[in-house]
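The values are calculated or read from the model by the stated rules, or taken from the named source; none is laboratory data. Computed from a prediction, not measured in an experiment: that's the story for all the values here. Don't worry about glycine lacking a Cβ; one is built from the backbone with ideal geometry, like all the others, and counts go over all protein chains shown.
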Amino acid sequence: MLNTITITAEDILKEVKLSCKIPEIVELILTRQIMNKYAEEAGIEVDDQALQATADTLRMVYKIPSAEQTWDWLKTHGLSLDDFEEIAYTSLISGKLAKHLFDNEVEAYFYENKLGYAGVIMYEIVLDDQDLAMELYYTIQEGETSFYDAAHKYIQDIELRRKGGYRGILNRQDLKPEVSAAVFSAHPPQLLKPIISSSGVHLILVEEIIEPRLDDKLGNTILSNLLAKWIKQQIEQVETIQKL
């Protein structure tokens, strides 16, 4: 039995290659280089206060609030304090570059794609038996049983069963196309007729359709999406030379 194992930088690179992650890593490298290049050309600057605020946010995201936990986290990931500062810098530059390039396009993009940002509050039971799904649909409609009782009886997942099939707030992209089309055509509160998909037969209670609103959170999401699309276009124009 080995009590001590030494892992070198060469071992890590080899594992990256054998895990077929080189294209993924190359894309991350190109993304970082492209953002830094265009940020520099645009004269985007980062001050110490903004960098510190971003680093504090990252600590919350990575759930490392204390100094001791931060050092442990850095050690686990093979990072130095300078490396962590670079991560914060890249995150900050990303947001600033997105605003520089696309801030004036956010509102127009939102209205052009407004339907895609609608949300729904719904409850769901997924069954294997279409006849059973139809039977439950009619018994619920006629008041012979409740959706909650049906969910408690037929949902296998314990947590979802305890919540009566409550799925929370979902967007179109969270649902299969055939399910999404029916859900977002509903007139809440409405129990939908069973919908068949590759996952089974869906019995869905639509409680509320949430109309999208362009707030700061959604605006930042749109900026991130526009930046990601732009970076992908830049990467496609790059002739990559890999030296391993």
On the basis of being modelled with pLDDT of 95 or more, touching a strand residue (DSSP E or B) at 6+ places or on another chain (Cβ under 6 Å), of a type outside the set (Val, Ile, Thr) and under 20 Å from ILE222 (Cβ atoms), does LEU170 make the cut?
yes
Complete set of residues in segment 159-174 that are in a loop (DSSP other than H, G, I, E, B) and either acidic (Asp, Glu) or touching a helix residue (DSSP H, G or I) at 6+ places or on another chain (Cβ under 6 Å) (or both):
GLY164, GLY165
Give the residue that is nearest to VAL46 (Cα to Cα), with candidates limited to residues of segment 84-120 that are among the basic types (Lys, Arg) and surrounded by 15 or more Cβ atoms within 10 Å (Cβ to Cβ).
LYS96
Given (1) assigned by TED's automatic domain parsing to the domain that holds LEU191; (2) within 18 Å of ASP216 (Cα to Cα); (3) of a type outside the set (Phe, Trp, Tyr), identify the lone condition not met by LYS153.
(2)
Test TYR117 against the criterion of being at pLDDT below 95, under 30 Å from LEU223 (Cα atoms) and among the aromatic types (Phe, Trp, Tyr), and give yes or no.
yes
Which residue out of VAL126, VAL179 is outside the structural domain of ILE29 (by TED's automatic domain parsing), within 26 Å of the chain's Cα centre (by Cα) and in a helix (DSSP H, G or I)?
VAL179
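Matching residues to (1) in contact with a strand residue (DSSP E or B) (Cβ under 6 Å, 6 or more places away or on another chain); (2) among the charged types (D, E, K, R); (3) assigned by TED's automatic domain parsing to the domain that holds SER224; (4) within 20 Å of LYS232 (Cβ to Cβ):
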residue	(1), (2), (3), (4)
LYS17	no, yes, yes, no
ILE22	no, no, yes, yes
THR31	no, no, yes, yes
ASN36	no, no, yes, yes
GLU40	no, yes, yes, no
VAL46	no, no, yes, no
GLN52	no, no, yes, no
ALA55	no, no, yes, no
Selected residue (only one of LEU203, LEU170 is aliphatic (A, V, I, L, M) and in contact with a Pro (Cβ under 8 Å, 6 or more places away or on another chain))
LEU203
Quick check on my filter: what residues within segment 25-54 are in contact (Cβ under 8 Å) with a residue 24 or more places away in the chain and closer than 13 Å to HIS100 by Cβ?
MET35, TYR38, ALA39, ALA42, ILE44, VAL46
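Restricting to segment 138-158, name every residue that is surrounded by fewer than 17 Cβ atoms within 10 Å (Cβ to Cβ) and either part of a helix (DSSP H, G or I) or touching a strand residue (DSSP E or B) at 6+ places or on another chain (Cβ under 8 Å) (or both).
If the condition is that a residue be surrounded by fewer than 17 Cβ atoms within 10 Å (Cβ to Cβ) and either part of a helix (DSSP H, G or I) or touching a strand residue (DSSP E or B) at 6+ places or on another chain (Cβ under 8 Å) (or both), then TYR138, THR139, GLN141, TYR148, ASP149, HIS152, LYS153, ILE158 are the ones that fit.
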